[in-house]
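Below: one structure in structure tokens.
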Amino acid sequence: MSAATDTTPVTAPANPIGQSVRDSLVIARRNLIRMTRIPEMVLFGIIQPVMFVVLFTYVFGGSMKIGNTTDPDVYKDFLMAGIFAQTVTFATAGSAAGIADDMQKGLVDRFRSLPMARGAVLTGRTVADLVQTAITLLVLAIVALIVGWRTGSADPTSVGEILAGFALLLLLGYAFTWIGALIGLSVRTPEAATSGGIIWLFPVTFISNAFVDSSQMTPWLRHIAEWNPFSATVQACRELFGNPGVVQSDAWPMQHPVWASLIWSVLIIAIFRTLAVRKYRSAAI
Amino acid sequence: MPGAIYAEGLVKTFGDVRALDGVDLDVPEGTVLGLLGPNGAGKTTAVRCLTTLLRPDSGKAVVAGIDVLRQPNEVRRSIGLSGQFAAVDEYLTGRENLQMVGQLYQMKGRAAKARAAELLDQFHLSDAADRPTKTYSGGMRRRLDLAAALVVSPPVMFMDEPTTGLDPRNRQELWEVIKRLVAGGTTLLLTTQYLEEADHLAHDIAVVDHGRVIARGTSDQLKARTGGERVEVVVHERHHMATASEVLAGFGKGATTVEEHTRKLTVPVTGGAKLLAEVIRELDVRGIEIDDIGLRRPTLDDVFLSLTGHVAEVADEGNGSADDAAHEQEKEAAK
């Protein structure tokens, strides 16, 4: 069995990071091409949050108390940061289903048998999903403006702050797609991945400051809501957009929402990327 | 000097299922080994271990001179894998699929593009090159999958049941492609449950059952092991069967089997062509009109039956096979 060791070594790529980036882009490009071939998927991804905007604005609008008012116009301005944040997190289901589909179709086996960077299949997926999230968010912002959402309605803001808000939303969305990647690798079918990717998001997005004023919740629920990673981004966006409903609270994430949002998102990426890549490699050599 | 594909004592268990129970393989460079066995025999698990997709519990594997367990990524550069299920992206065109695979083999964009065009032409897919593969027929998809495995012209190829589910015409076509490939010097390990396929394509055959290689050799050697020629007669008139049976009994070295509905009689013999001529003469003398007569050497089906005690198709009926169980458990284990 000496033959194994005394053979000429095959040259490894000079730059593993460069290879990783390149492979990820190849996979991202593939997923983006798929997106153009299945436009209905992108379309449904946009219709759902638009529906939420319309329903919440007109159905709940008059009965929600924000601060000391039930003025529907105030609720509208309050609501949008919550809807935006919920929308970016719902991208989780898409990533989960996409990965599960690749596993089921045997594409992941094909990729695993190629001399490519190990994390690239997952990174390529999450990057493509980020592009889709950005498109959805853009359409949603336009719809929000049409129904009457205005930045700077409660406090003054600037273009830079508004862009920073959207950047935080995209980062949160990107972080959540890594949770989706892990779910996609852990379930048997794309159908299971879709529901598994979304069910838990309902408590996460509803036990938060997204749709109601969390300071009016019972204390224990309020604590959960205020430390919910999701709430930090919503609070940060309200602050940056100059919208009403910024929660006054002792909780650190509510006092420093921009930092909290950044830290939470980076932490989620670090943890779930590690777990997902490890899972991707687990059975293989 | 071990061959281009070498395995020693490969063991892989999934829970209670011993998918591989000490598999040894040695495929000399430029030859084809047919891994023959029913569903669930462990063929797919063996291929997955050799192609770095699955870590064996124990054993040794060397592919293209590289230790699979120590340098998996180097092995990946030297192999092409064509799976049981055509693993191409159904929403990408044939061309896009091949370019993507080329780039992931670390080819430059332009080189990947040129190679894709070359392969599409070679596999008669140029006309469909810019259509999503979703619109391809089963045979076309299989050809594309094979093309994807050949992007870097790897010295060693693995094909896991390459023609399962294909109609006879497409199967023939794919066989031709595989033969050309091997003529070009590629070493190939091919799994199949079609005995005819192993007979047709493989230089050597390893018969696998319950995770172990239970016999190996050339197709002729395996047939010789099973032993025995037979004379097979199909009579024209049903009422001649009794007489024919009598005649055959006179020449046979064992019991005559009679299939009423096909009017076919089979009897084991020794004596080859000379004896066959005598049988024909005797049937003629008795005035028995025959539709068909021949000297049959054992098929690989017979080989399989005599080696395993069950026919190859038996395991085919359900999905509760070891390989399937293995695959499921592998997914479980990955959690």
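Just so it is clear, none of the values below were taken in a lab; they were calculated from the coordinates. Bear in mind that the values here come from a model prediction, so they are computed numbers and not experimental data. Note that we place each Cβ from the backbone using ideal geometry, even for glycine, and neighbour counts take in every protein chain shown.
Compare the peptides B:287-298, A:145-156, A:112-123 by average per-residue count of other Cβ atoms within 10 angstrom and give them in order, highest first.
Averaged packing, sorted descending, gives the order A:112-123, A:145-156, B:287-298.
If the reach is capped at under 16 angstrom between alpha carbons, list the lysines near B:K134, excluding any in the same chain fewer than eight residues apart.
A:K105
A follow-up question, please. Once each part is reduced to its C-alpha centroid, what is the distance from region A:209-269 to region B:259-293 in angstrom?
91
Sum up the charges of everything whose Cβ sits under 10 Å from the Cβ of A:N31, counting Lys and Arg as +1 and Asp and Glu as -1, but leave A:N31 out.
Neighbourhood net charge equals +1.
Return a whole-number percent for the relative contact order of chain B, with Cα pairs under 8 Å and 6 or more residues apart as the contact set.
For chain B, the relative contact order is 22 percent.
I'd like to compare A:252-260, A:232-240, B:143-151: which one has the highest average count of other Cβ atoms within 10 Å, and what's the full order after that?
Highest-to-lowest ranking by the protection proxy: A:232-240, B:143-151, A:252-260.
Provide, for q = 0.12, 0.15, 0.18, 0.19 Å⁻¹, the log10 of I(q)/I(0) from a solvent-free Debye sum over equal Cα point scatterers in region B:1-114.
Ignoring solvent entirely, the Cα scatterers give -0.52, -0.77, -0.99, -1.06.
What ³J(HN,Hα) values, in whole Hz, does the Karplus curve 6.51 cos²θ - 1.76 cosθ + 1.60 give for region A:123-137 when θ = phi - 60°, with x put for Gly and Pro?
Each residue's phi maps through the Karplus curve to give 4, x, 5, 5, 5, 4, 5, 5, 4, 5, 4, 5, 5, 4, 5 Hz.
Taking the alpha carbon gyration tensor of region B:61-110, what are the square roots of 5 times its eigenvalues, largest first, to the nearest whole Å?
Equivalent ellipsoid semi-axes, largest first: 25, 15, 7 Å.
For n ≥ 4 DSSP H runs only, could you compute -39500 (n - 2.57) per run for chain B, divide by its residues and tell me the 222 nm figure to the nearest 500?
Calculated mean residue ellipticity at 222 nm is -11500 deg cm²/dmol.
Under the Karplus relation 6.51 cos²θ - 1.76 cosθ + 1.60, θ = phi - 60°, what is the ordered set of whole-Hz ³J(HN,Hα) values for region B:25-34, x standing for Gly and Pro?
Rounded to whole hertz, the list is 9, 8, 10, x, 4, x, 10, 10, 9, x.
What percent does the relative contact order of chain A come to when contacts are Cα pairs within less than 8 Å and at least six residues apart?
Relative contact order comes out at 25 percent.
Relative to the first principal axis of the alpha-carbon coordinates of chain A, what is the inclination of helix A:257-281, with its axis defined by its Cα atoms, in degrees from 0 to 90 and to the nearest 10?
Tilt of helix A:257-281: around 30 degrees.
What is the mean number of Cβ atoms from other protein chains located within 10 Å of the Cβ atom of each residue in peptide B:104-116, rounded to a whole number?
2
A further question follows. Take every Cα-Cα pair in the protein assembly as shown and report what % of them are more than 35 Å apart.
For the protein assembly as shown, the share of Cα pairs beyond 35 Å comes to 53 percent.
Work out from phi, with θ = phi - 60° and the Karplus expression 6.51 cos²θ - 1.76 cosθ + 1.60, the ³J(HN,Hα) of each residue of region B:153-166, listed in order in whole Hz, and give x for Gly and Pro.
Calculated HN-Hα couplings, in order: 6, x, x, 10, 10, 10, 10, 9, 6, x, 10, 4, x, 8 Hz.
Here's a follow-up. When the Kirkwood radius is taken over all Cα pairs of region B:217-286, what Stokes-Einstein diffusion coefficient follows at 4 °C and 1.567 mPa s, in µm²/s?
Approximately 101 µm²/s, per Stokes-Einstein.
With +1 on the Cβ of every Lys and Arg and -1 on the Cβ of every Asp and Glu, and nothing else charged, how large is the dipole of the protein assembly as shown about its Cα centre, in debye rounded to the nearest 20?
Charge dipole of the protein assembly as shown: 1640 debye, to the nearest 20.
Sorted from largest down, give the three principal axis spans of the alpha carbons of chain A, whole angstrom values.
Reported extents, whole Å, longest axis first: 80, 39, 35.
Still on this structure: Looking at the protein assembly as shown only, what percent of DSSP beta bridges run antiparallel? Nearest 5 please.
That works out to approximately 65 percent antiparallel.
Taking each residue in A:113-124, count the Cβ atoms of any other chain within 10 Å of its Cβ, then average. What number comes out?
Taking the mean over all residues of the peptide, I get 5.
So which lysines pass the test for B:K274, namely a Cα distance under 28 Å, with those fewer than 8 places away in the same chain ruled out?
Candidates past the 8-residue exclusion: B:K223, B:K253, B:K264.
About the Cα centre of region A:72-129, how large is the charge dipole given +1 on each Lys and Arg Cβ and -1 on each Asp and Glu Cβ? Please answer in debye to the nearest 20.
That gives region A:72-129 a dipole magnitude of about 340 debye.
Please give the average number of partner chain Cβ atoms lying within 10 Å of the Cβ of each residue in B:62-69, rounded to a whole number.
Counting other chains' Cβ atoms within 10 Å and averaging over B:62-69 gives 4.
How large is the Kirkwood hydrodynamic radius of region A:107-198, counting all unique pairs of alpha carbons, in Å?
After inverting the mean inverse Cα-Cα distance, the result is 15.8 Å.
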